[in-house]
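J.: The structure's right below; bear with me while I get my questions together.
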Amino acid sequence: MFLQHAPDTEAAARLYQGDLDKRGFVMNFNRAWAWRPDVGDAFLSLRGLLTSISSLSPREQAVLTCAMASTLGDSYCSLAWGTMLARASDPSTAAAVLSASGSTALTPREEALAAWARKVVDNPNGTTAQDVDGLRAADCSDKDIFEATTFIAFRLAFSTINDALGVEPDLQIAEGAPPEVRNAVAYGRPTEAQAEGKNSLPAC
């Protein structure tokens, strides 16, 4: 990333240890957020408040994030959430959402949510009442629509911060993604190994 490493504070150490305990490595984005772990904690708490009582399923949240990240061109979240969507559905479905090519495996509600995410990222002032009516027709309540829009905006803010600061996808995340997902993510920042021209990813 473009920033120097954050100072070795107790809060930063706690952030890193959480990654080590959960994943076995420190995620690149947390090296950026270590400059203000308190802000990161507040952001996660707010996002958790939104999703804890939301009717959006984990799979729908993955669809929204993949549609958002691919439209923005964020490779980091595309690889991470594409893998999660692949586990919740299948790799081909995840790749279809990431490439905006459509998938018969998505429900009409998921298709509508993905299309809405792309419109919100691409041009939030270009959305129309007809777009919202389309979501309602796909069995989304007005509460669902508000929650989905807020979720997209939260994820967009998170991705924008990481992307602008040059945070690269973790090699472990890229290597753990299904080949279909890796092939679909032909945008955004490469992993450090890819940037250096090292062929460290498994053959697709």
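J.: All other residues with a Cβ under 13 Å from the Cβ of Y187 taken together, and with Lys, Arg as +1 and Asp, Glu as -1, what is their net charge?
T.: 0
J.: Highest GNM mean-square fluctuation, the chain, Cα pairs closer than 10 Å: which of D74, D170, D144?
T.: D144
J.: If you build the Cα gyration tensor of segment 1-109 and take the root of 5 times each eigenvalue, what three semi-axes come out, in whole angstrom, biggest first?
T.: On the way: eigenvalues 179, 51, 30 Å².
Taking √(5λ) for each Cα gyration eigenvalue gives 30, 16, 12 Å.
J.: Kindly identify segment 78-158 as rounded, prolate or oblate by the Cα gyration tensor criterion: order the square roots of the eigenvalues as a ≥ b ≥ c, call it rounded if a/c is under 1.5, otherwise compare a/b with b/c, prolate if a/b is larger, else oblate.
T.: Verdict is prolate for segment 78-158.
J.: Now, a different point. Taking one equal scatterer on every alpha-carbon of segment 65-118, how large is log10 of I(q)/I(0) by Debye at q = 0.18, 0.23, 0.29, 0.31 1/Å?
T.: Reported log10 I(q)/I(0), two decimals: -0.47, -0.78, -1.23, -1.36.
J.: Follow-up. What is the Cα coordinate range of the chain on the first, second and third principal axes, sorted by size from largest, in whole angstrom?
T.: 51, 39, 29
J.: Assuming a ≥ b ≥ c are the square roots of the Cα gyration tensor eigenvalues, decide whether segment 7-53 counts as rounded (a/c under 1.5), prolate (otherwise, with a/b larger than b/c) or oblate.
T.: oblate
J.: Follow-up question, since we're still on this one. Tell me the mean residue ellipticity at 222 nm calculated for the chain from its helices only (DSSP H runs of n ≥ 4, each -39500 (n - 2.57), averaged over every residue, nearest 500).
T.: Value at 222 nm, helices only: -20000 deg cm²/dmol.
J.: How large is the convex hull of the C-alpha atoms of segment 145-185 per residue, in Å³?
T.: 95
J.: Along Cα→Cβ, 7 Å out, is where each label goes; now give me the distance between the ones at S57 and F2 in nm to one decimal.
T.: If labels sit at S57 and F2, their model points lie 4.0 nm apart.
J.: So which chymotrypsin sites (Phe, Trp or Tyr not before Pro) in segment 5-112 end up in coil per DSSP with only 14 or fewer other C-beta atoms within 10 Å? Write down the numbers at each step before the final one.
T.: Numbers: sites: Y16, F25, F29, W33, W35, F43, Y76, W81; in loops: F25, W35.
Here the sparse-neighbourhood loop sites are F25.
Every number here is computed from the coordinates shown, using simple stated rules; none is lab data. This is a predicted model, so every value here is computed, not measured. Neighbour counts are summed over all protein chains in view; Cβ atoms, including those assigned to glycine, are modelled from backbone coordinates with ideal geometry.
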